[in-house]
Amino acid sequence: MGRQRILVTGGAGFVGSHLCERLVADGHEVVCLDNFFTGTHANVAKLRDNPRFELFRHDVQEALTMEVDQIFHLACPASPIHYQRNPVRTIRTAVEGTLNLLDVARECGARILIASTSEVYGDPAQHPQTEAYWGNVNPIGPRACYDEGKRCAEALATSYADQYGVEVRIARIFNTYGPRMHENDGRVVSNFIVQALTEKPLTVFGDGKQTRSFCYVSDLIEGFVRLMASEHGAAPVNLGNPRESSMLELATLVKQMTGSKSAIVHAPLPKDDPARRNPDITRAQELLGGWTPAVPLEKGIAETIAYFRNVVG
Ligand code: NAD
Ligand code: UDP
């Protein structure tokens, strides 16, 4: 594939900034759009002087026009504490924002990849989760603004593909972590590492037996790039690492690897917190040229600890 002009929405965020870096390194022109709700200029500081990189402030709730070849649509707060702060705005971002970007794709003939989420499976009754599972989401609970927003985004993208022939790709992303998560992001990996490095108690919510499956960011980015290039169409694809850990196991690992003396304490479990989550990645492995996560949890956590040592000093 020759040089492409690629729009990355949410490009100043955690995942988006790694994606921008990868696309620039691959020789593409990257337009990074962000409203800096959770993203930062610092995340893309290394790219600022590159002539193939442009950064501009825009809120995806507002319509826009642009001529690009591809769109990675990531703009949306992803951490529960952030997406629950202003739930109406989260829904608008997920629904109106996705509509606006689908219109850009339709107008200029760009292929668009939608960053969906394992949250479309809610508190899953099927384990591990395959793409065929329809999910178990509370439509009026505290996570609904995000979960239902993303489900609607998938429905919109599928409808644009069916009705208008827009080239859509849908990535259902499972918990991803790594350097450049915000120190106040609120998600579990960054919380535990920052707590351990600052000798504060590690806050395990509930009994800590709930599970998640953690994917290192470089593995996700490789999956994104391959999914965008694949010709399989609009059917959603799970991207994640199938190794499953309980939150107590994760806390213990972080404590060990940081050498922290922090205590592990329990705090109330948030409402509707999914009990377990684990991706079936058969479809991704079959469709994406043998893609499979390559970074073991211990290595990824070590890289993330090294990053946060510089941030929290
Ligand atoms: P993040 O919060 O670091 O990044 C989100 C980015 O979107 C930020 O830069 C933020 O400023 C920007 N943004 C938010 N609302 C916007 C708006 N209205 N207009 C323009 N920009 C806006 O989170 P992340 O982990 O990098 O997530 C990126 C995407 O991946 C999100 O769509 C998220 O739902 C999805 N995702 C992430 C994970 C994960 O574990 N990291 C899991 C599932 C899905
Ligand atoms: N969690 C925790 N302590 C924290 C933050 C989160 O025990 O300080 C738990 C949370 O209750 C959930 C899991 O870790 O069971 C993952 O939470 P996160 O917000 O990272 O992602 P999500 O729930 O959206 O998968």
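Quick look at the numbers
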read-out: Matching residues in segment 209-232 - criterion: being more than 10 Å from ligand 1 (Cβ to nearest atom), within 27 Å of residue 265 (Cβ to Cβ) and in contact with a strand residue (DSSP E or B) (Cβ under 6 Å, 6 or more places away or on another chain); value: 209, 211, 213
read-out: Segment 42-93, residues that are within 16 Å of ligand 2 (Cβ to nearest atom), modelled with pLDDT of 95 or more and hydrophobic (A, V, I, L, M, F, W, C); value: 74, 76, 78
read-out: Test for residue 303: is it of a type in the set (D, E, K, R), exposed (fewer than 15 other Cβ atoms within 10 Å of the Cβ) and modelled with pLDDT of 95 or more; value: no
read-out: Conditions (1) crowded, with 19+ Cβ neighbours inside 10 Å; (2) within 16 Å of ligand 2 (Cβ to nearest atom): number failed by residue 161; value: (2)
read-out: Residue check for residue 200: of a type outside the set (A, V, I, L, M) and away from ligand 1 (no atom under 14 Å from the Cβ); value: yes
read-out: Considering residues of segment 169-212 that are outside any loop (DSSP other than H, G, I, E, B) and small (Gly, Ala, Ser) only, the residue farthest from ligand 2 (Cβ to nearest atom); value: 171
read-out: Top-ranked residue of segment 102-120 - restricted to ones that are touching a helix residue (DSSP H, G or I) at 6+ places or on another chain (Cβ under 9 Å) and assigned to a helix (DSSP H, G or I), ranked as nearest to ligand 2 (Cβ to nearest atom); value: 119
read-out: Candidate set from segment 9-41 (those that are closer than 18 Å to residue 184 by Cα and surrounded by fewer than 16 Cβ atoms within 10 Å (Cβ to Cβ)); member that is farthest from ligand 2 (Cβ to nearest atom); value: 41
read-out: Test: residue in segment 176-198 that is closer than 22 Å to residue 91 by Cα, of a type in the set (Val, Ile, Thr), crowded, with 20+ Cβ neighbours inside 10 Å and in contact with a strand residue (DSSP E or B) (Cβ under 9 Å, 6 or more places away or on another chain); value: yes
read-out: Cβ pairs under 9 Å, 6+ apart, first in segment 247-259 and farther than 16 Å from residue 199 by Cβ and among the hydrophobic types (A, V, I, L, M, F, W, C), second surrounded by fewer than 15 Cβ atoms within 10 Å (Cβ to Cβ) and modelled with pLDDT of 95 or more; value: 247/207; 247/209; 248/207; 248/209; 253/298
read-out: Residue within segment 213-227 that is modelled with pLDDT of 95 or more, near ligand 2 (Cβ under 10 Å from one of its atoms) and outside any loop (DSSP other than H, G, I, E, B) present; value: yes
read-out: Residue check, residue 222 of a type in the set (Asp, Glu) and touching a Gly at 6+ places or on another chain (Cβ under 9 Å); value: no
read-out: Qualifying residues in segment 272-298 (those that are within 19 Å of the chain's Cα centre (by Cα) and of a type in the set (Gly, Ala, Ser)) - the one nearest to residue 216 (Cα to Cα); value: 294
read-out: Matching residues in segment 251-287 - criterion: being surrounded by fewer than 18 Cβ atoms within 10 Å (Cβ to Cβ) and among the basic types (Lys, Arg); value: 261, 271, 276
read-out: Positions within segment 1-59 being more than 14 Å from ligand 1 (Cβ to nearest atom), small (Gly, Ala, Ser) and in contact with a Gly (Cβ under 9 Å, 6 or more places away or on another chain), in sequence order; value: 2, 27
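The values are calculated or read from the model by the stated rules, or taken from the named source; none is laboratory data. Everything numeric in this text was worked out from a predicted model, so none of it was measured. Ideal geometry is used to build each Cβ from the backbone, glycine not excepted, and the neighbour counts take in all protein chains shown.
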